[in-house]
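The values are calculated or read from the model by the stated rules, or taken from the named source; none is laboratory data. Since we're looking at a predicted model, the values are computed, not measured. Cβ placement follows ideal geometry from the backbone for every residue including glycine, while neighbour counts extend to all protein chains displayed. Side chains included, ligands, DNA and RNA excluded: accessible areas come from the protein's heavy atoms. Shrake-Rupley method; radii C 1.70, N 1.55, O 1.52, S 1.80 Å.
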Amino acid sequence: NAGVMQNPRHLVRRRGQEARLRCSPMKGHSHVYWYRQLPEEGLKFMVYLQKENIIDESGMPKERFSAEFPKEGPSILRIQQVVRGDSAAYFCASSPPGRGDEQYFGPGTRLTVT
Amino acid sequence: QQQVKQSPQSLIVQKGGISIINCAYENTAFDYFPWYQQFPGKGPALLIAIRPDVSEKKEGRFTISFNKSAKQFSLHIMDSQPGDSATYFCAASRGGGNKLTFGTGTQLKVEL
């Protein structure tokens with residue numbers, strides 16, 4: 001059973017460009033979570049999605065950030081007009097139905113904004 | 001507001017020794033307390049977790065101690081090995097999951 005997959009693993013963007021981060025949950029998992037980890041810090045919750053629904057986006061910045069989890073395909077975290085402060089590791093986690101406590105993390109996407 | 005405080009920030013332990021990492025939480029609605037282990041360049045991996053209805057949970061060399069009245073919980077790694085060298089994060093959540101609130105992490109180094 002493959003784990004949570006994220007791509008790309010590393011992404012370099014210039015200021016003002018768009019970044020798209022993709023996450024494929026574990027097989028059988030229907031819940032996806034996105035977290036951001038700044039250097040030397042813990043992970044900060046951003047958003048929780050189920051298929052075609054955003055359940056909790058209380059950790060998402062109000063502007064430039066959006067997330068989706070379509071009926072088919074991976075979950076996408078989109079950052080528009082990136083700034084240097086967006087440089088971080090972005091982790092996706094998934095959990096099985098009814099087991100939201102058990103979150104399994106992917107390897108992360110390391111975003112560098114130059 | 002930091003809802004989960006973790007200490008120490010870094011820890012050096014001799015091989016075979018006991019590593020102890022502590023966390024304290026503020027939100028009494030939290031009812032699930034996992035620990036994650038993260039190696040450089042990797043995602044966090046779920047190590048062990050506890051719910052408030054028990055005071056201790058043990059899995060192999062890893063033990064969580066939980067003190068509900070003090071709102072504290074800790075991870076004990078017995079017989080620490082160099083392969084245990086990693087960053088450890090405590091976390092908490094409420095109401096059956098969704099968002100995890102993480103501590104700031106502890107960098108553990110186990111020396112020979």
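Leaving ligands, DNA and RNA out of it, work out the accessible area of A:T112 with a 1.4 Å probe and give it in Å² to the nearest 10.
So the heavy atoms of A:T112 present about 70 Å² to solvent.
Specify which residue in the list B:S55, B:M78, B:G103 is farthest towards the positive end of the charge dipole of chain B, using unit charges on the beta carbon of Lys, Arg (+1) and Asp, Glu (-1), about the Cα centre.
B:G103
If you count only protein heavy atoms with a 1.4 Å probe, what accessible area per residue comes out for the protein assembly as shown, rounded to a whole Å²?
Details: 11210 Å² over 226 residues.
Normalised by residue count, the accessible surface of the protein assembly as shown is 50 Å².
Hey, got the average number of other protein chain Cβ atoms within 10 angstrom for residues in A:88-100? Walk me through the intermediate numbers first.
Details: counts 0, 2, 0, 4, 1, 4, 0, 2, 0, 0, 2, 2, 8.
For peptide A:88-100, the averaged partner shielding equals 2.
Could you state how much accessible area is buried at the B-A interface, both sides summed, with a 1.4 Å probe, in Å² to the nearest 100? Walk me through the numbers on the way to the answer.
Values: alone 6230 and 6550 Å², together 11210 Å².
Separately minus together, B and A give about 1600 Å² buried.
What is the distance in Å between the Cα centres of the range A:21-59 and the range A:78-114?
If we compute the Cα centre of each part, the gap is 6 Å.
Of A:K62/B:K109; A:K27/B:K109; A:K27/B:K57, which ones are farther than 32 Å apart at the Cα? Don't skip to the answer; put the middle values down first.
Numbers: A:K62/B:K109 38 Å; A:K27/B:K109 34 Å; A:K27/B:K57 28 Å.
Correct reply: A:K62/B:K109; A:K27/B:K109.
Order A:T114, B:T28 by their accessible area, 1.4 angstrom probe, all chains in place, largest first.
Largest to smallest exposure gives the sequence B:T28, A:T114.
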